[in-house]
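The values are calculated or read from the model by the stated rules, or taken from the named source; none is laboratory data. The model shown is predicted, which means the values in this text are computed figures rather than measured ones. When we count neighbours, we look across all protein chains shown, and the Cβ atoms used for this are built from the backbone with ideal geometry, even at glycine.
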Amino acid sequence: MEKKKLYIKTYGCQMNVYDTERMVDVMAPEGYMETDTPEDADLVVLNTCHIREKAAEKVYSDIGRIRKMKDTKKKDGEEMVLAVGGCVAQAEGAEIMKRAPVVDMVFGPQTYHNLPDMVNQSLSLKSQGEKSRILDTGLAVDEKFDQLSKKDVKKKATAFLTIQEGCDKFCTFCVVPYTRGAEFSRSIEDLVKDAEKLAKAGVVEVTLLGQNVNAFHGVSENGEEWGLPQLIRRLAKIDGFERIRYTTSHPHDMTDELLKVHGDLKECMPYLHLPVQAGSDRILKAMNRTHDSASYKDIIRDLRKERPDIAISGDFIVGFPGETYEDFKETMELVRDVKYAQAYSFKYSPRPGTPAAEMDDQVDENIKSERLSRLQALLKQQQADFNNSVIGKTLSVLIEGKGKAEDAVFGRSPYMQAVQVKVGADKVEELQGKIVDVKINGANTFYIEGILA
Ligand code: 5AD
Ligand code: SF4
């Protein structure tokens with residue numbers, strides 16, 4: 001079969017990283033090999049994210065760059081198919097088609113299993129001298145997963161497994177319920193099968209993914225109603241899985257049973273990403289978060305009873321409409337109280353179609369920037385403190401790749417910290433994918449370092 005080149009640019013979250021990997025998988029049987037530059041690719045996919053500020057604008061400017069490459073290729077008598085996928089595509093598909101005639105096809109996160117058909121259709125239209133204008137932004141999730149489960153998995157020590165998609169929470173700032181659709185959990189039977197395939201392929205760490213991962217629910221092999229805790233316990237029984245993580249969780253669905261899994265399952269890693277968004281109850285209410293700052297702190301306290309060393313991560317938004325200086329101070333207080341091992345923080349940015357975008361009292365950009373830099377300084381300090389707190393300890397580290405230096409490897413601690421390990425140049429290859437004990441002897445905000453124990 002003729003070999004073709006596929007370039008995918010991934011924007012945004014882990015869900016998109018996962019989707020990109022699956023797109024590579026579905027295109028492989030069609031003869032497409034991944035390449036790391038778009039210049040001479042036969043198929044270019046922009047796998048977009050709608051969460052960040054000016055997301056759509058960034059996509060249009062990338063489309064502009066790629067148009068030039070597409071034109072050059074055309075002059076040489078070759079075709080390039082340009083596709084826009086992901087959440088911007090889902091939200092603004094028709095608009096992209098109108099504004100960027102150079103785009104051959106637009107598809108949403110739920111339809112990429114149709115990618116081979118769409119690409120062939122596009123090529124056949126072009127060969128007949130017609131314009132390729134394909135738009136597929138349906139929201140039928142089960143069909144996508146049915147097709148994808150059949151694909152084989154590549155050899156790797158870590159893998160993502162999407163167990164749930166979409167969200168019914170409707171936080172007033174967020175587009176996910178509109179772009180990814182309603183909450184949908186995959187069948188437990190399929191998940192166990194996929195997980196077994198991953199373990200067979202050598203995966204030792206699996207990260208269960210979902211926009212609202214702890215809302216996962218389903219009926220087990222023996223007819224019981226299961227949630228995430230039972231699923232994690234079941235997957236931990238699979239031979240080969242030594243580490244299980246899950247992300248992203250909502251405080252609303254942090255059940256006692258799930259906290260207990262952290263306490264008594266060694267495979268469940270001591271790390272939890274639990275967005276809080278803000279520390280002021282008034283703002284949390286306006287965000288429609290369904291929790292307040294006290295109930296969030298209660299969860300963290302109970303979790304630490306189960307697993308005292310657990311690392312907490314979070315998401316924050318500053319400058320939500322109506323946020324006063326007092327409200328912002330409450331966010332800072334909550335951060336001081338919880339002590340985060342790491343976190344993501346953003347300036348509020350209005351998303352068309354969400355309730356918050358219509359709210360009065362939008363906060364001035366300069367105030368948002370100032371609050372964000374104060375919050376980030378505090379979070380950075382906490383991350384450095386957390387990293388420093390493991391100096392002198394021996395941690396188990398899963399080696400994922402080569403390190404910064406010739407004689408070093410890179411891995412992750414149980415707490416999700418990036419770790420640089422000096423091992424000697426001769427060992428760099430053989431340690432890939434292995435879990436090793438590392439004596440930590442240095443730390444900064446971004447990573448920790450050590451030597452084999
Ligand atoms: N403005 C700023 N940040 C946002 N996020 C989601 N929507 C917005 C928005 N409109 C942030 C939230 C969420 C993370 C993935 O992105 O903190 O948890
Ligand atoms: Fe968006 Fe809120 Fe759902 Fe998270 S829980 S995906 S922030 S609506």
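Quick test for you: out of GLU430, GLU406, GLU449, pick the one residue that is charged (D, E, K, R), more than 30 Å from THR331 (Cβ to Cβ) and in contact with a Gly (Cβ under 8 Å, 6 or more places away or on another chain). Give the derivation first.
Details: GLU430 fails: in contact with a Gly (Cβ under 8 Å, 6 or more places away or on another chain); GLU406 fails: in contact with a Gly (Cβ under 8 Å, 6 or more places away or on another chain).
Every option except GLU449 fails the conditions.
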For residues that are within 12 Å of ligand 1 (Cβ to nearest atom) and over 27 Å from the mean Cα position of the chain (by Cα), scanning just the stretch 332-372, find the one that is nearest to ILE448 (Cα to Cα). VAL363
Out of all the residues in the stretch 304-358, which are within 16 Å of ligand 2 (Cβ to nearest atom), of a type outside the set (D, E, K, R) and farther than 13 Å from LEU375 by Cα? SER313, PHE320, PRO321, TYR348, SER349, PRO350, PRO352, GLY353, THR354, PRO355, ALA356, ALA357
With criteria (1) on the phi > 0 side of the Ramachandran plot; (2) surrounded by fewer than 20 Cβ atoms within 10 Å (Cβ to Cβ), THR72 comes up short on (1)
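Would you call GLY353 touching a strand residue (DSSP E or B) at 6+ places or on another chain (Cβ under 8 Å) and within 30 Å of GLU92 (Cβ to Cβ)? Don't jump to the end; show me each part of the working.
On the way: touching a strand residue (DSSP E or B) at 6+ places or on another chain (Cβ under 8 Å): no; within 30 Å of GLU92 (Cβ to Cβ): yes.
So GLY353 does not fit the description; no.
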Please determine, by comparing only the residues of the stretch 195-211 that are in contact with a helix residue (DSSP H, G or I) (Cβ under 7 Å, 6 or more places away or on another chain) and either at pLDDT below 95 or assigned to a loop (DSSP other than H, G, I, E, B) (or both), which one is surrounded by the fewest Cβ atoms within 10 Å (Cβ to Cβ). LEU209
Residues in the stretch 94-119 that are free of Cβ contacts under 8 Å to residues at least 60 places away in the same chain, part of a helix (DSSP H, G or I), more than 24 Å from the chain's Cα centre (by Cα) and farther than 19 Å from CYS49 by Cα total 3
Right, SER313: loosely packed, with under 15 Cβ neighbours inside 10 Å, within 14 Å of ligand 1 (Cβ to nearest atom) and outside any loop (DSSP other than H, G, I, E, B) or not? no
When residues of the stretch 18-62 are limited to those that are surrounded by fewer than 16 Cβ atoms within 10 Å (Cβ to Cβ) and within 16 Å of ligand 2 (Cβ to nearest atom), the one nearest to the chain's Cα centre (by Cα): ARG52
Filter the stretch 166-185 down to residues that are within 6 Å of ligand 2 (Cβ to nearest atom) and outside any loop (DSSP other than H, G, I, E, B) and give me whichever is nearest to the chain's Cα centre (by Cα). VAL176
Could you tell me how many of the residues in the stretch 340-356 are at pLDDT below 95 and of a type in the set (Gly, Ala, Ser)? 4
Go through (1) surrounded by fewer than 18 Cβ atoms within 10 Å (Cβ to Cβ); (2) among the charged types (D, E, K, R); (3) under 28 Å from the mean Cα position of the chain (by Cα) and name the single condition GLU326 misses. (3)
Could you check the stretch 177-206 and list, in sequence order, the residues that are within 16 Å of ligand 1 (Cβ to nearest atom) and touching a residue at least 40 places away in the same chain (Cβ under 8 Å)? TYR178, THR179, ARG180
Please indicate, with yes or no, whether at least one residue in the stretch 243-260 is in contact with a Pro (Cβ under 9 Å, 6 or more places away or on another chain), part of a loop (DSSP other than H, G, I, E, B) and away from ligand 2 (no atom under 14 Å from the Cβ). yes
Looking for something crowded, with 20+ Cβ neighbours inside 10 Å, on the phi > 0 side of the Ramachandran plot and within 13 Å of ligand 1 (Cβ to nearest atom) - is there at least one such residue anywhere in the stretch 244-252? no
Keeping to the stretch 79-91, report how many residues are assigned to a helix (DSSP H, G or I) and crowded, with 23+ Cβ neighbours inside 10 Å. 5
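For residues that are more than 25 Å from ASP264 (Cα to Cα), within 16 Å of ligand 2 (Cβ to nearest atom) and of a type in the set (Gly, Ala, Ser), tally how many sit in the stretch 280-303.
Going through the stretch 280-303, the residues more than 25 Å from ASP264 (Cα to Cα) turn out to be 280-294.
Retained after the next criterion (residues that are within 16 Å of ligand 2 (Cβ to nearest atom)): 283-292.
In the following step, the residues that additionally are of a type in the set (Gly, Ala, Ser) were identified as 286.
Here the count works out to 1.
Any residue in the stretch 430-451 that is within 30 Å of ALA91 (Cβ to Cβ), touching a residue at least 60 places away in the same chain (Cβ under 8 Å) and buried (at least 20 other Cβ atoms within 10 Å of the Cβ)? Please lay out each step first, then the result.
First pass over the stretch 430-451, keeping only residues within 30 Å of ALA91 (Cβ to Cβ): none.
No, there is no match, as no residue in the stretch 430-451 is within 30 Å of ALA91 (Cβ to Cβ), touching a residue at least 60 places away in the same chain (Cβ under 8 Å) and buried (at least 20 other Cβ atoms within 10 Å of the Cβ).
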Starting from the stretch 294-317, keep only residues that are closer than 21 Å to GLU330 by Cβ and at pLDDT 95 or above, then list their pairs with residues that are of a type in the set (D, E, K, R) and within 16 Å of ligand 1 (Cβ to nearest atom) whose Cβ atoms are within a distance under 8 Å, requiring at least 6 positions of separation or different chains. ILE317/LYS347
So, in the stretch 418-433, exactly how many residues are modelled with pLDDT under 95 and in a loop (DSSP other than H, G, I, E, B)? 7
Keeping to the stretch 256-289, report how many residues are within 27 Å of PHE320 (Cβ to Cβ) and touching a residue at least 12 places away in the same chain (Cβ under 8 Å). 17
